[in-house]
Structure formats: C-alpha cells, structure tokens
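Read the structure below first, then the notes.
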Amino acid sequence: MPITMPITMPSPSWLLLQAESPHHRLPDDLRARDPLGGRDCGWVEQMTPFVRQFSQPGETVFDPFAGFGTTLLAARLQGRSAVGCEVDGQRIALARERLARHGLGDGVTLLHGSCDTLQSDTLNGVTLPPFDLCLTNVPYFGCRWPGDDAASQLYDSRSYAQHLNSLRDVFYSVRAGLREGGRCIAMVENVRLGERVLPLAFDLARILGALFVMEEERVLVYPHAEEATADEASAHTDRRHEYALVFRKQRECIDLQATSELLNALRAQGHGFTLIGSFARWLADPQGTPPADADIRVDADPQRLDALLQWLRGQGFSLTSWGEPVGLPLHLDSYRGRFYFRADRIDRNGALVRLDIGYEG
Ligand SMILES: C[S@@+](CC[C@H](N)C(=O)[O-])C[C@H]1O[C@@H](n2cnc3c(N)ncnc32)[C@H](O)[C@@H]1O
C-alpha cells in the first residue's frame, strides 16, 4: 500500500490518514517496553498538518499529554521547539530515546509530572515556557492502566466525572501558558465502554469551550483494519476516526448593543447590580477596547440571585459556573468559593451576549 503522508492541511473538514511512515513510527523495541504496548501512540502524520497550519518555524509547540513524544517529534521535524508534559516516568524515558534516535532531542523540554500542577509555572523545578500551539491527544477514559500508580494518571480515573474534572484542570493550565491568539487542539474519540458509549469528544468540547473560543473541528479518518482488543470490557474503539477540536485563545466578541439592552432590562426589572470591569470602562470610553463580557456584582442573597438567574433563563440564557450547568432553583451553598455565574445567550444571528455575575469575594 502506498504511504500517504499529508503534511499540509487539506481544505475539507476531514483528514484521511492511510498509513504510518515506518521511519516515524514508534520503534517496536520501545513499544515493547510500554505497559500498554504503545497502543495509544499517535502518528506523526496525524500531527504534522496541524503543526504546519497552526504554528510557524521557530515557535513552540506544547503537548500536555506527551506520551511517546509523537507531537514533539512532529514539531521538531517541522523546525519548531517542543515542550511536553507526561505523568509516566517510563514514557518520558521512551519519548527521550525516540527523539534522540532521530537526532532531534535538542530543542525539546520534557516535564515529568501532571500537567494540572503547571499553574505555578514550574514542575519539579522546571519552568514551562510560554508556547504558541497546544497540540495533544487526550487520555481516554476506561483504560485499565497497568503502569506506575500515579494519583494524577488520567488513565486511572475512577469515574467519568473525575476524568472530565481532571481534563478541565489540565486545560486550565494550558490556557495560562498559551499565548493570546494561539490554538489549543485536542484529538479525542468518543469511547465505547462495554455496552455504553461515552461522549468524551463532545464533553471535552464543552470543557474547552469554557476556556477558549471554538474555531473548527476536523475528523481524522484511519481506514485501516481494526486491531483486536484483548480486554473487551475495557475502553476501546476501532480508531477509524477521531476528532481534532480546534480552539483559539482569544477575546470573545459580544454584541455590545444587545448587552446594553440587557443591562437596561435588568434595571427595569428591579434586579439591583453594580456594573464593573471592561464593559463599564467601555461605556465611559467607547473608543477604548471593546469588552468581551459585561461584569456585574450583586449581593450574595440566595433569593435575589435565584430570581435573577430565573429571569435570565426565561430570556434564553444558559447559566454556568466554571463551565458546569447551573440548576434552578439555586442552592447557593453548592457554589461557595466559585465567585461568579456566567449567563450566555447566542442569538439567531450568531451574536453573543455574555453576563458574568459576581456574588462574593
Ligand atoms: C493518548 S496518550 C498520548 C500519546 C501521545 N500523543 C503520543 O502519541 O506519543 C495520553 C498520555 O497522557 C498521559 N497522562 C495521563 N494523565 C496525565 C496527567 N495528569 N498529566 C500528564 N500526562 C498524563 C498518559 O500517561 C499517556 O501517556
């Protein structure tokens, strides 16, 4: 079979990956040293078009789930610097050896630890440099991890909710290091677990949507034969397709007029609030930077807050707290320490109205 190696992004919303180049494939002897036999190793060909389209030579590509260093290798082959974070020490060693065999170990920083601890900028004394592109394959849920027992190993998540929360923490750290305007691209499949299908790709899109602005999706298609999975009860797919979710770190554009109208309507309805932040500044100086939301501060009075949120819901707003839907009637005690609610409404013309409601602190 001829080997197709797309190195630029085709214009359709899908990318066909026929076969892996033997030159770039994770070597068998390294594969044999991995507790999962390298089953979850990606392809350099899968990453290369994204590296080329979404970063420039000399820029830095970061993979928070570096695994065997596939993204890092794709980045180095395209003349980018590469930074990876990986919780499993054995895999860090495999990635190092793989990159060294290609003579591309220089220009790579590998951080051993859990990516969600990178908020403080350092991991085991190593500083995470700012990066231009985050490109990663997320760990799937339901894997019976046979490797080292690390508390933060996502392959060992005990529940789906825990898995999603851990992914949120990791991408929260990613957001802190990604330069403004940079892309965060996550490759992910929905997962079949026994008789159940878990919408991991769609749940991850929702998590990323609370941190970044969604730009596009690509479907990666692998028309190769299914590999037998030894343990049918554990998570598996036939890996015929997966999603590349492309998000961007950028300020949201909101509908300024509709937002002003909303604030007037809130006042008319008797919902007391103080307008603060960028929207208040923009009202005072309309030539200044347009705001990405309207921040209001209200009393932490459960009944008044509930009435405000009920009214917003009636006006077509979705209500969230750190990306999670907010249930009504409001049990404010469940949200202590979360500081604010977000109300978003996307109108039929695609315009966004965003209100951030601070209630404590
Ligand atoms: C899908 S694999 C990545 C494979 C990689 N894309 C490659 O092809 O070389 C996911 C990786 O995430 C790692 N991982 C799991 N939890 C982690 C965490 N909290 N922080 C960093 N890495 C983690 C796993 O050990 C695993 O190697």
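The values are calculated or read from the model by the stated rules, or taken from the named source; none is laboratory data. Since this is a predicted model, take the numbers as computed values, not measurements. A quick note on method: Cβ atoms are made from the backbone with ideal geometry, for glycine too, and the neighbour counts reach across all protein chains shown. Please note that ligands, DNA and RNA were not included when accessible areas were found on the heavy atoms of the full protein model with its side chains. Shrake-Rupley method; radii C 1.70, N 1.55, O 1.52, S 1.80 Å.
Structure above, values below:
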item	result
Convex hull volume per residue for the chain, taking Cα atoms only, in Å³	166 Å³
Solvent exposure ordering (accessible area, 1.4 Å, most first) of His163, His271, His241	His241, His271, His163
Positive-pole candidate from Leu262, Asn349, Pro286, dipole of the chain, charges at beta carbon	Pro286
Förster radius 30 Å - calculated FRET efficiency between Asp347 and Arg304 (Cβ-Cβ, nearest 0.05)	0.70
Charge dipole of the chain about the Cα centre (unit charges at C-beta), most positive-ward option of Ile276, Met214, Gln90	Ile276
Chain lengthening between Asp106 and Ser152 when straightened (0.36 nm per residue, less Cα-Cα)	13.8 nm
With all protein chains modelled, accessible area of Ile296 [1.4 Å, Å²]	0 Å²
Residue-normalised accessible area of the chain, expressed per residue, 1.4 Å probe, Å²	47 Å²
Added length on full extension, which subtracts the Cα-Cα distance from 0.36 nm per residue, Trp14 to Trp322	107.8 nm
Inter-label distance, nm, simple model (7 Å from Cα along the C-beta direction), Asp285/Ala258	2.8 nm
In degrees, nearest ten, helix 302-314 long axis to first principal axis of the chain (Cα)	70 degrees
DSSP beta bridges in the chain [antiparallel fraction, %, rounded to 5]	60 percent
C-alpha long axis of helix 256-268 to longest principal axis of the chain, angle in °	40 degrees
Probe 1.4 Å - accessible area at Asp116, Å² to nearest ten	50 Å²
Listed residues Ser166, Ser318, Ser334, most fluctuating in the chain (Gaussian network, C-alpha, under 10 Å)	Ser334
Neighbourhood net charge (12 Å Cβ-Cβ; Lys/Arg +1, Asp/Glu -1) for Arg80	-1
Accessible area of the chain belonging to carbon and sulfur atoms, whole % at 1.4 Å probe	50 percent
Amide hydrogen neighbours beyond the local backbone of Cys85, cut-off 5 Å, H modeled	Asp63, Phe65, Ala66, Leu111
Listed residues Asp148, Asp301, Asp88, most fluctuating in the chain (Gaussian network, C-alpha, under 10 Å)	Asp301
